[in-house]
Amino acid sequence: LILDVADVDKDMALARHVTYVHQNEGVDSDNNNTTEQSDAVPIEEDDDEGMGFDSHNAQTEEESPPTLSSNLLREYISRARKHQPVVPPDVAPYIVEAYVNLRSDGNPGKNKNGDQTVMTARQLLSILRLSQALARLRFSDYVAREDVNEAIRLTHMSKSSLLDEQNGPNANGLDSNKRKWGGEDVISRIFNIIKDYSTASRSERIEMRLCEAMVIRKGFTEQQLHECLEEYSNLGILQVNATRTQVEFINQ
């Protein structure tokens, strides 16, 4: 029996190796991409039909959003494929840290959310590929932290479907913020993520950007985070400063 046990040193070494490969991937093809981009078919800005809009849609814009033509979508996809995003040096450590934390959180002894799956090296590759795909959508040659966060969120959401099958897509008729997430509703789960970090770091004050990153990594959204902060602020448990850059727990 082979067990995939999380080890910080080994996980960090593996993640560094994988991100290093993706840092240098596609560098040799930059010249080829430049040549290919010069051959791209330009989109005529003055041609409404070429942009995917017709006169009927322009007249009924208030009634329904305009539709995109298949030509525009094909051109968009064609241009996006010409980009081969790489992981920049400042984002690579962020991915390594995220992977190690996800591996550590996936330990059966630490996981309290009913999720029995553990982050694997294959999922790390999936996160990197998703991050590159998101960068292509922006016509960018570099992966940003926001791309990584969204890729991690999508990975978590794909696993959350297992919990949906157990609890039902709308368990007990609750909305998306009251649905159970491994035995907890979403608001409580987000609060526990922030509270656990505060306890581990021995700090009552946490940067908002850090809270957003932690929550998104777990598969939640910024809107759900802000609703959680609002609810617990009304309860007098925590408070957000006027510039909304820090979250502070209130000592009781």
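The values are calculated or read from the model by the stated rules, or taken from the named source; none is laboratory data. Worth saying up front: this structure is predicted, and the values here are computed from it rather than measured. FYI the Cβ positions are ideal-geometry reconstructions off the backbone, even for glycines, and counts take in every protein chain you see. Remember, those area values only see protein heavy atoms, side chains included, never the ligands or the DNA or RNA. Shrake-Rupley method; radii C 1.70, N 1.55, O 1.52, S 1.80 Å.
Considering the zone a paramagnetic label at ASN101 would reach in this model (a point 7 Å from Cα along the Cα-to-Cβ line), which residues of segment 201-217 have amide N under 15 Å from it?
Within reach of a label on ASN101, which here means backbone N under 15 Å from a point 7 Å along Cα→Cβ, segment 201-217 contributes 201-203, 206-217.
Enter the accessible area of TYR232 (Å², nearest 10), with the probe set to 1.4 Å and all protein chains included.
30 Å²
Mind checking the full-extension length gain between SER70 and PHE139? Use 0.36 nm per residue of separation minus the Cα-Cα distance, one decimal, nm.
Computed gain between SER70 and PHE139 is 22.9 nm.
Ranked by accessible surface with a 1.4 Å probe, highest first, in what order do MET214, MET157 come?
Highest to lowest solvent-accessible surface, that is MET157, MET214.
Figure the gain on full extension for TYR20 and THR120 (residue separation times 0.36 nm, minus the Cα-Cα span) and round it to one decimal in nm.
34.2 nm
How many nm separate the modelled label positions at LEU154 and SER78, each set 7 Å beyond the Cα in the direction of the Cβ?
2.4 nm
Between ALA242 and ALA200, what length in nm is gained on full extension when 0.36 nm per residue of separation is reduced by their alpha carbon distance?
So the extension gain works out to 12.6 nm.
Can you compute 3J(HN,Hα) from phi for each residue in segment 132-139, using the Karplus curve 6.51 cos²θ - 1.76 cosθ + 1.60 with θ = phi - 60°, rounded to whole Hz and x for Gly and Pro?
Here the 3J(HN,Hα) series is 5, 5, 5, 5, 4, 4, 8, 6 Hz.
Using amide H atoms built in the peptide plane, which far-off residues or other-chain residues are under 5 Å from VAL86 H to H?
TYR142, VAL143
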